[in-house]
Amino acid sequence: MNRAGILAVVGFEILSCAVLAACGGKYEVHKETRLVLGTVVEITIGHPDRDLARMASKEAFDEIERVDALLSNHNPQSEIAGLNASGAAEATAVSEEVFALLERAEGIRVASAGAFDVTVGPLVELWAFDQGGRVPEDAAIASSLASVGGTRLELDEKAGTVRFLAEGMKIDLGAIGKGYAVDRAAAILESAGIESAIIDAGGDIRLLGSRPGKDFWRIRVKHPRKVSRPLVDLDLAETAIVTSGDYERFFMVGETRYHHILDPRTGMPARLCQSVTVVAPDTAGADAYATAAFVLGPEEGLRYLRSLPGVEGIIVDAKGELLWTDEEKMGQ
Ligand code: AMP
Ligand code: MG
C-alpha cells in the first residue's frame, strides 16, 4: 500500500493554534488521530468546551471502530467476513445495519450500470494490492469473474437475508464502508452538540458546519501525479468530499500502473481516470459515487455524477485533464 499517498489524498487547513478567537468567542480546537479502517483517521473539532469536544471525539472514534469491526474483510469476526467465509449458499440473516448498506450499494450498482459493485471481493483478493499486488493470469481473472456480479447477490428485504447465487462470491465494502463509518461518526458528533468539525478517514472527509469564525473549511485536493502541488483548493461547508485515485494501493510493471479500483466487468484496474473527487451530502454516497465514476471514465462518469441530486465532482482523466460537473458551483 502506498501509505504516503493515502495520507495525502486530501488535506485541510492546518489549525496550528489550540485556541481560535472566533466571532468574539474562544473556540478550543481538539484534534485526535487513530489508526483504524486501514488508514489514518483524524477528527478535528472546534468547540468552546474542551472536555465536551474530547468526549465527543472519543465516542466518534468508538463508533468508527464498531463499524470497522462490523464490515471489515480483514477482521474474521466481522459480519461481512463471516458471510464471505460461509459461502452464503443458503439465505443468511444479517443485521439490519449491514442489510441497509448492502441495499444502498445495490442501488448504486444499478444506477452506475455495474461500475460500482461490492461483489468484487474475489478480484480484490486475486490482485492482492494489500500485500503489494501482482498481475494475475488471464485464466485466474476469468475464473474470479464467475464469482463476481451484483445480479448474483440475492437480498431478501422481508426476511433480511443475503444469499450468494454463485460459488466463491465475496463482498468487499472497501469503496463505501469507510464513508459509512465517517457518516456514523458525524452523527455521534452532531448528537453531542458539535457544530464545527472535520472527520478525515484517509481522504474520505465529512465536514460539520464550517471553520469557527468562517463560513467554510478549506479543503486541499491532492494532485494525482504531482506531490508538490494540490489539484485544487475547495471552500466547502456541511458536506462530504471523497477522492478515489489510482495513486493509492498500486504497483508499476514497467510503465503500466496497476491499481486497486477494478472494473467489475473486465476484472482489470479501471484505465480511464487518474482521480475522481466527489462532493455529496453524505460520505458513504460520495465514497461510492467516486469509485463508480472512476470506473465509468470521464465521459460517462461526468454524466453519472450530474444525474445525482446535490452531487458535484472533478474528474482527472487519463491524460491529466480536469473535468468538472459544474466549475462555478464548486466555487471556482
Ligand atoms: P475507493 O478507494 O473508495 O475507490 O474504493 C476502492 C476499494 O473498493 C478497493 O480497494 C476495493 O476494495 C474495492 N473496489 C475496487 N473496485 C471496486 C468497484 N468497481 N466497485 C466497488 N468496490 C470496488
Ligand atoms: Mg469509494
Test: residue in region 113-132 that is free of Cβ contacts under 8 Å to residues at least 40 places away in the same chain and away from ligand 1 (no atom under 16 Å from the Cβ): no
Search result, residues across region 285-313 that are among the hydrophobic types (A, V, I, L, M, F, W, C), outside any loop (DSSP other than H, G, I, E, B) and within 15 Å of ligand 2 (Cβ to nearest atom): Ala286, Ala288, Ala290, Ala292, Ala293, Phe294, Val295, Leu296, Leu305
Number of the condition not met by Arg109 [criteria: (1) within 11 Å of ligand 1 (Cβ to nearest atom); (2) surrounded by fewer than 18 Cβ atoms within 10 Å (Cβ to Cβ); (3) modelled with pLDDT of 95 or more]: (2)
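Looking at region 314-332, which of the residues that are assigned to a loop (DSSP other than H, G, I, E, B) and touching a residue at least 60 places away in the same chain (Cβ under 8 Å) is farthest from Ile241 (Cα to Cα)?
Here is the first cut: in region 314-332, the ones assigned to a loop (DSSP other than H, G, I, E, B) are 318-321, 325-332.
Next, only the ones that are touching a residue at least 60 places away in the same chain (Cβ under 8 Å) stay: 320, 330-332.
Values: Gly320: 20, Met330: 12, Gly331: 14, Gln332: 16 Å.
Among them, the one singled out is Gly320.
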Candidates Gly285, Gly320, Gly310 - the one that is farther than 25 Å from Val182 by Cβ and not acidic (Asp, Glu): Gly320
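Please determine, by comparing only the residues of region 78-118 that are assigned to a loop (DSSP other than H, G, I, E, B) and among the charged types (D, E, K, R), which one is farthest from the chain's Cα centre (by Cα).
Of region 78-118, the ones assigned to a loop (DSSP other than H, G, I, E, B) are 78, 87-91, 94-95, 112-117.
If we keep only those that are among the charged types (D, E, K, R) too, we end up with 90, 117.
Values: Glu90: 30, Asp117: 14 Å.
Within region 78-118, the match that is farthest from the chain's Cα centre (by Cα) is Glu90.
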In region 112-134, the residues that are more than 19 Å from Leu165 (Cβ to Cβ), surrounded by 15 or more Cβ atoms within 10 Å (Cβ to Cβ) and of a type in the set (A, V, I, L, M): Ala115, Val124, Leu126
Residue match in region 247-256 (condition: of a type outside the set (A, V, I, L, M, F, W, C), touching a residue at least 24 places away in the same chain (Cβ under 8 Å) and in a strand (DSSP E or B)): no
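If I ask for residues that are of a type in the set (Lys, Arg), closer than 26 Å to Val242 by Cβ and part of a loop (DSSP other than H, G, I, E, B), which ones from region 143-182 would you list?
If we filter region 143-182 for residues that are of a type in the set (Lys, Arg), which is where we start, we get 152, 158, 163, 170, 178.
Next, from what is left, pick out any that are closer than 26 Å to Val242 by Cβ: 170, 178.
The one that is of a type in the set (Lys, Arg), closer than 26 Å to Val242 by Cβ and part of a loop (DSSP other than H, G, I, E, B): Lys170.
Identify, from the list Ala85, Ala159, the residue that is of a type outside the set (Lys, Arg), more than 16 Å from ligand 2 (Cβ to nearest atom) and farther than 24 Å from Arg265 by Cα. Outline the logic, then answer.
Details: Ala85 fails: farther than 24 Å from Arg265 by Cα.
The conditions single out Ala159.
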Some residue of region 255-276 being more than 10 Å from ligand 1 (Cβ to nearest atom), closer than 18 Å to Gly179 by Cβ and buried (at least 21 other Cβ atoms within 10 Å of the Cβ): no
Candidate set: region 191-217, residues that are in contact with a strand residue (DSSP E or B) (Cβ under 6 Å, 6 or more places away or on another chain) and aliphatic (A, V, I, L, M); chosen: the one farthest from ligand 1 (Cβ to nearest atom): Ile194
Checklist (1) of a type outside the set (D, E, K, R); (2) within 10 Å of ligand 1 (Cβ to nearest atom); (3) surrounded by fewer than 24 Cβ atoms within 10 Å (Cβ to Cβ) applied to Ala159, failing item: (2)
Qualifying position, being farther than 15 Å from Asp282 by Cβ and either among the hydrophobic types (A, V, I, L, M, F, W, C) or touching a residue at least 60 places away in the same chain (Cβ under 8 Å) (or both), among Val242, Val182, Val232: Val232
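The values are calculated or read from the model by the stated rules, or taken from the named source; none is laboratory data. Everything numeric in this text was worked out from a predicted model, so none of it was measured. Cβ coordinates were reconstructed from backbone atoms using ideal geometry, including for glycine residues, and neighbour counts include every protein chain displayed.
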